[in-house]
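Bear in mind these aren't lab numbers, they're just calculated from the coordinates by the rules spelled out. Treat the numbers as computed from the prediction; the structure is a model and nothing was measured. Every residue, glycine among them, receives a Cβ derived from its backbone with ideal geometry; neighbour counts consider all protein chains shown.
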Amino acid sequence: MAAEKEQRFEFQSEVKQLLDILVYSLYKNKEVFLRELVSNAADALNKMQFEFLTVPDLEGRDRELKITVAADKKRGRLVIEDNGVGMTLEELVRNIGTIAHSGTLDYLRRLKESEKGGQADLIGKFGVGFYASFMVAKEIHIATRSWQKDAKAWLWKSTGENSYTVEETAREERGTRIELQLKKDEKEYLESHRLKNVILKHSKFVPFAIYLDGEKIERREAVWTQPKSKLADKDYVDFYKFLENTQEEPETWLHLQSDAPVQFQALFYVPKTSFELLGLMKEDPGVDLYSRKVLIQKGSKEVMPEYLRFVKGVIDSEEIPLNISRETVQNNVRIDKIRKHVVKKLLEHLEGLKEKERDKYLAVWKNFAKNLKEGVVNDFENRERISRLLLFSSSKTSGDELVDLKQYVGRMAAGQKEIYYLGGGDRAAIERNPALEIFRKKDYEVLFLTDPLDEFVLDHLREYDKKPFKMTESADIALEEKTEAGDEASLKDAENLVIYLKAIYGEQVQDVKISKRLVDSPCILLNPADGPSVQMEKIIKMMNKDYQLSKRVLEINPGHDLIKTMISLHQADPAAPLLKTLALQLLDNMKLREGILSDTEATIARIQQLMLEAGGTS
């Protein structure tokens, strides 16, 4: 075509529809237009860098490769310029005038038919990064000149309607200059502070200098892209402080660089402080998703499961489209593969920390135990792996000492086939529970569950190392201990008392039995086989006031002095008022200990009566 003439081109049909949607419809996040233009400029600079490496005598290699952003408030124009590879006429028409992506037209038709139409997030559907500029600009000019020798410079113009023009222009330097004539209601993008915030949010790790209105914007090296061998602890710590805008150092970190199943680089940090533990609101996801060092999603919910929301850091993959949308992320196979890989590696890192740097892991556990327990409940795929990270106090620990399940199994007693646990409000309350007596005698370790979440966790785990979890208060427990009930006549007397107690208690209990597990206590209330603990039931009742507590099994110890007294009273006179009073109080004592006593007034009156009788004034 003649150099002095302007040529007019029609947009590809898909582009026409796209521009119509962009220009006349609302868009979720208009500021991404600047991210897209900066990213395109960075790509052009990357290509130029490559040409310098492959073409030895290429001119201009001594000049700084840079991106310049400048606002002209008087003319209402925003300029983004780079000195990268630039474009030839053919490249300009191909790159700007068409959208090369299968399925584009079909998608646009469905989008138009959709009730929400233009509300959809188009970025990422088919490489529409440049066109996002028409959300804020009423007219765009592109002046570009290719790096190739004797290349001509070209000027591209469009108002975002049906066509664009291209003509030869004067430009001495290689590279591309994009000039946006902003719409009246988009003048915020002429303010330096607004532009700087957008650049720092999305493009602070772009590997080239960015100048805004003549001032060089501070940028940081993308530490996650560097070889681990070249990084010291200080580099990791300094980057964390920059990333999280904090002076606090991280507790631990993990640097991943993977080529399979998907190529990506990642850097994760575990903080020293949990804001949720401090009583503040639930934390937002802490891992950002990048593509080629450009931010795609801040705090992405797709790259890390919710229970690991406390983890901070970045994931960067060149295999993720730069312009990926939120909807696409949720259905992206590569994202799913990355997620599975990084979760596995992160959990393995924490396990290694537990084995090799116990004190450091204990600090992580103190802050984020609840998160990991959430993982057991919600992450079926990694449940077994997370179980290795769990810590408990137990009947064989003291103070702040904790035991993990691997340690527990490793020191199980000979003949022990189950992992035993017992819940309660605190350690002192658990240690007073009569259910522990037989386990102490047999020297069986019992896990102490002081967190309401713990029982949910063990319920979801079911077993560890093929050894099932068993509640010590379960009525069907396999442990037995011979009682000192005496001869058959004495045992028969105890059985008669059991029959009496069943009649007195009626529907208050599921059953009454002679205990083969109690050592020092007169009696114990046990949970029905495979039933929830009383602690669990109290939590359920808090959520549902109509919930009815399970009927429990009462076991009595015929060798205890109190039970012996009741047996004697029953032998002398089964209808004795004192025997009935003792029987009712026996059950209420157990209910009181477990916090499920409902009729306190009757209990107090009965205690006062017993006190009077003990004093001989009844």
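Remark: 233, 213 ranked as 233, 213, counting other beta-carbon atoms within 10 Å and listing the fewest first. Gain on full extension, evaluated as 0.36 nm per residue between residue 476 and residue 441 minus their Cα-Cα distance, stands at 10.7 nm. Each peptide in 215-225, 529-539 gets a packing score, the mean of other Cβ atoms within 10 Å over its residues, and the list from highest to lowest is 529-539, 215-225. Between residue 513 and 554, 555, 556, the built amide H atoms are under 5 Å apart, and every one of these is 5 or more places off in sequence or on another chain. Ranked by how many other Cβ atoms sit within 10 Å of their own Cβ, fewest first, the residues 368, 275 fall in the order 275, 368.
The relative contact order of region 354-413, computed from alpha carbon pairs under 8 Å that lie at least 6 residues apart in sequence, is 21 percent.
Between region 163-179 and region 498-536, the C-alpha centres lie 89 angstrom from each other.
Summarising the amide proton neighbourhood of residue 394: residues at separation of 5 or more, or on other chains, whose placed amide H is nearer than 5 Å comprise 448.
Remark: the residue 333-residue 503 segment gains 54.7 nm on full extension, using 0.36 nm per residue and subtracting the alpha carbon distance.
Helix 233-244 and the longest principal axis of the Cα set of the chain meet at an angle near 80°. For region 523-618, the tally of Lys pairs with Cα-Cα distances below 24 Å comes to 10, considering only residues 8 or more apart or on different chains. Look at the dipole of the chain built from charges on Cβ: of 164, 227, 590, the Cα furthest out on the positive end belongs to 164. Of all DSSP bridge pairs formed entirely within the chain, close to 75 percent run antiparallel.
Compute the angle between helix 561-572 and the longest alpha-carbon principal axis of the chain, please, reported from 0 to 90 degrees and rounded to the nearest 10. Tilt relative to the chain: about 50 degrees.
Between 0 and 90 degrees, the angle of helix 488-505 with respect to the longest Cα principal axis of the chain falls at about 60 degrees. Tell me, how many Å apart are the Cα centres for region 365-386 and for region 565-602? Using only Cα atoms to place each centre, the spacing works out to 44 Å. In percent, rounded to a whole number, the relative contact order of the chain is 9, using alpha-carbon pairs under 8 Å and six or more apart.
Listed by Cβ neighbour count within 10 Å, with the fewest neighbours leading, 385, 35 appear as 385, 35.
Listed cross-link partners 187/298; 228/337; 204/298; 66/293; 30/183 are compared with a 18 Å cut-off, the Cα-Cα value being larger for 187/298; 228/337. Averaging the sequence gap over all C-alpha pairs within less than 8 Å and six or more residues apart, then dividing by the number of residues, gives region 390-471 a relative contact order of 38 percent.
Put simply, when 569-575, 439-445, 302-308 are sorted by average Cβ atoms within 10 angstrom per residue, most first, you get 302-308, 439-445, 569-575. Kindly identify region 488-614 as rounded, prolate or oblate by the Cα gyration tensor criterion: order the square roots of the eigenvalues as a ≥ b ≥ c, call it rounded if a/c is under 1.5, otherwise compare a/b with b/c, prolate if a/b is larger, else oblate. In terms of gyration-tensor shape, oblate.
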